[in-house]
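The structure appears below as structure tokens.
The values are calculated or read from the model by the stated rules, or taken from the named source; none is laboratory data. For clarity, every value in this text was computed on a predicted model and none was experimentally measured. Because the Cβ atoms are built from the backbone with ideal geometry, glycine has one as well, and the counts that use them run over all protein chains shown.
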Amino acid sequence: MNQPIDKDGVDPVRVPQRLLHTGARMPGIGLGTFGSDRFSGAQIAEAVKGAAAVGYRHFDCAAVYGNEALIGEALREVMKGGVPREDLWITSKLWNDKHGEKDVFPACEKSLKDLQLDYLDLYLVHWPFPNFHAPGCDVTSRSANAKPYVHENYMKTWRQMEKLVGMGLVRHIGTSNMTIPKLKLVLRDAGIKPAVNEMELHPHFQQPDLFRFVMDNGIAPIGFCPIGSPTRPDRDKTPDDTVDIEDPVIVRIAKRLNVHPAVVCVKWAVQRGQTPIPFSVYRNEYLGNLRCTVTEPLTGEEMRAIAGSDRNCRLIKGQVFLWKENQTWEDLWDLNGEITPA
Ligand SMILES: NC(=O)c1ccc[n+]([C@@H]2O[C@H](COP(=O)([O-])OP(=O)(O)OC[C@H]3O[C@@H](n4cnc5c(N)ncnc54)[C@H](OP(=O)(O)O)[C@@H]3O)[C@@H](O)[C@H]2O)c1
């Protein structure tokens, strides 16, 4: 018997799905589970249960969020309550200090054990830089052992990711925080091409070139910080950052729809073709984010107005990954079309 959906929830069969190049279908919206240092693991696990009850089937997890064991308990309850495993889409991610060839399998095993699962639907390489930094460290913090992107090394990690697919522990593998030049090399050399690329995407940071590149190459974009991450840790804020939910275009559309501007960001994301993974522990918020995916679409004029609101404002800049003196965070993102030399 399937778990009954709350009366005001959304039947998961109505939620938009993304067809991946493998032929699999991924729910076109998921719940983020990074608590931004503000929300406890217990609160997030409770949100996972609540979100499943209103119709979410896709959960974006990661070892580094430090809450997979609690989320595993929540998922066990969700499945005990009648949601079949095959209806769920669970993502986890390999953290940056686990890129070593011998580290990938144990890291995946640990996430599986914590999440109480036999397999993951998607396993991502969280960042392309194999750098350890202490959790919660400041953006000015640098690791003496920081390393640049070295493609041969990334592919060694990728081969291990491919092995996990062969072993049946992982159904799909993907990349995150990548750039076009890095992805071109991965596409050239991969035995199993990435099914998705998880990337920062919100109205003020639309990444049109990378978005088009992944779509053209049959890689589904998953968009993180879809609302512009208003509750992100203070360490991830800089004075020039803009605020998506205060954008006049977003606010105008929110007024027309009588919803919070956050909901407009989510609705736009789904309609544009990415899979947003908004985070919230509040039922009214995560329910509103899900419901907007099955209501009347934004108008063509509204979609064009949001497309014109891009500010190229990256929020998650990755400063802690810089590997030598006198670099700026822009060096991490290959802005001139070439991988920044080591
Ligand atoms: N792959 C990566 O490297 C990477 C990086 C960053 C994030 N992620 C993933 O992406 C997920 C989402 O990113 P994020 O959590 O940084 O940012 P986000 O989803 O853009 O913003 C989350 C915040 O938006 C507010 N919000 C959500 N729904 C709302 C609604 N309907 N009405 C009003 N406010 C609403 C909430 O603030 P209040 O709590 O104040 O209501 C919530 O804390 C993460 O949880 C994580 O799973 C991945």
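So which of Arg235, Arg256 is over 19 Å from the mean Cα position of the chain (by Cα) and over 26 Å from Cys292 (Cα atoms)? Please lay out each step first, then the result.
On the way: Arg256 fails: over 26 Å from Cys292 (Cα atoms).
After applying the criteria, what remains is Arg235.
Here are some residues: Gly66, Gly23, Gly41. Which one is more than 21 Å from Cys292 (Cβ to Cβ) and away from the ligand (no atom under 16 Å from the Cβ)? Give the steps one after another, and end with the answer.
Working: Gly66 fails: away from the ligand (no atom under 16 Å from the Cβ); Gly41 fails: away from the ligand (no atom under 16 Å from the Cβ).
Of the residues listed, the single one that is more than 21 Å from Cys292 (Cβ to Cβ) and away from the ligand (no atom under 16 Å from the Cβ) is Gly23.
Do we find a residue being surrounded by fewer than 21 Cβ atoms within 10 Å (Cβ to Cβ) and assigned to a loop (DSSP other than H, G, I, E, B) anywhere in region 90-100?
Yes.
Closer than 30 Å to Pro261 by Cβ, in contact (Cβ under 8 Å) with a residue 12 or more places away in the chain and out of contact with any Gly (no Cβ under 9 Å at 6 or more places or on another chain) - does that describe any residue in region 118-126? Write out each step before concluding.
Let us first name the residues in region 118-126 that are closer than 30 Å to Pro261 by Cβ, namely 122, 124, 126.
In the following step, the residues that additionally are in contact (Cβ under 8 Å) with a residue 12 or more places away in the chain were identified as 122, 124, 126.
If we keep only those that are out of contact with any Gly (no Cβ under 9 Å at 6 or more places or on another chain) as well, we get 126.
Looking for residues that are closer than 30 Å to Pro261 by Cβ, in contact (Cβ under 8 Å) with a residue 12 or more places away in the chain and out of contact with any Gly (no Cβ under 9 Å at 6 or more places or on another chain), one finds at least one in region 118-126, hence yes.
Can you confirm whether Lys193 is at pLDDT 95 or above, surrounded by fewer than 21 Cβ atoms within 10 Å (Cβ to Cβ) and either part of a helix (DSSP H, G or I) or β-branched (Val, Ile, Thr) (or both)? Walk me through how you get there before you give the answer.
Details: at pLDDT 95 or above: yes; surrounded by fewer than 21 Cβ atoms within 10 Å (Cβ to Cβ): yes; either part of a helix (DSSP H, G or I) or β-branched (Val, Ile, Thr) (or both): no.
It is false that Lys193 is at pLDDT 95 or above, surrounded by fewer than 21 Cβ atoms within 10 Å (Cβ to Cβ) and either part of a helix (DSSP H, G or I) or β-branched (Val, Ile, Thr) (or both).
Going through region 181-226 one residue at a time, which ones are away from the ligand (no atom under 14 Å from the Cβ) and without any contact (Cβ under 8 Å) to a residue 24 or more places away in the chain?
Within region 181-226, Lys184, Arg188, Arg212, Asp216 meet the criteria.
Only residues that are surrounded by 15 or more Cβ atoms within 10 Å (Cβ to Cβ) and part of a helix (DSSP H, G or I): list them for region 130-155, please.
Residues satisfying the conditions are His151, Asn153, Tyr154, Met155.
Limited to region 239-298, what total is found for residues that are within 11 Å of the ligand (Cβ to nearest atom), of a type in the set (Phe, Trp, Tyr) and surrounded by 19 or more Cβ atoms within 10 Å (Cβ to Cβ)?
2
Quick check on Val83: is it surrounded by fewer than 19 Cβ atoms within 10 Å (Cβ to Cβ) and over 20 Å from the mean Cα position of the chain (by Cα)?
Details: surrounded by fewer than 19 Cβ atoms within 10 Å (Cβ to Cβ): no; over 20 Å from the mean Cα position of the chain (by Cα): yes.
So Val83 fails the test.
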